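So the structure is just underneath, and the comments pick up after that.
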Amino acid sequence: MGSEMCIRDRPDLSRLQKILESLTINAFAASPLDGEVVVEVRPVGAESKSPALEILCTHAGVGITPDDQKRLPELLSDPESAALNGVGDFAALREAAGLLRACGGHWWLKS
């Protein structure tokens, strides 16, 4: 299971730190106790006019069903929506997605 994010606007460091923290909290909550969590941050498109920062977070969680994957962006943007099975810490994932949108970024899920 993994999620990728791409940030085009330059976020302040505290916002970027909070995005990484929220993604990590969710990943550990979704993973078994002995599961591995990997967070990678790398620049992309540095030679282009619109460089970005890509964040890749993978973990050993069970994943989210294909139907729930389709609904996830809508659910994350609705503060009243209920958590989905397979998401470790829905509040943390919602916070990361909201901060990402505020930075002009986008994200996608691979489960």
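General remarks:
- Estimated FRET transfer efficiency (Val44, Ala82; beta-carbon r; R0 30 Å; 0.05): 0.35
- Subtracting the Cα-Cα distance of Gln17 and Thr65 from 0.36 nm times their residue separation leaves 14.4 nm of extension gain.
- Cα-based Rg of region 2-110 normalised by 2.2 N^0.38 Å, two decimals: 1.04
- Fewest neighbouring Cβ atoms within 10 Å first, the residues Ser22, Ser48 line up as Ser48, Ser22.
- Euclidean distance between Cα centres, region 23-59 to region 74-100, Å: 17
- Using alpha-carbon coordinates, inclination of helix 66-77 to the longest axis of the chain, degrees: 60
Since every read-out is calculated from the coordinates, none of them should be taken as a lab result. For clarity, every value in this text was computed on a predicted model and none was experimentally measured. Note: ideal-geometry Cβ built from the backbone for every residue, glycine included; neighbour counts use all protein chains shown.
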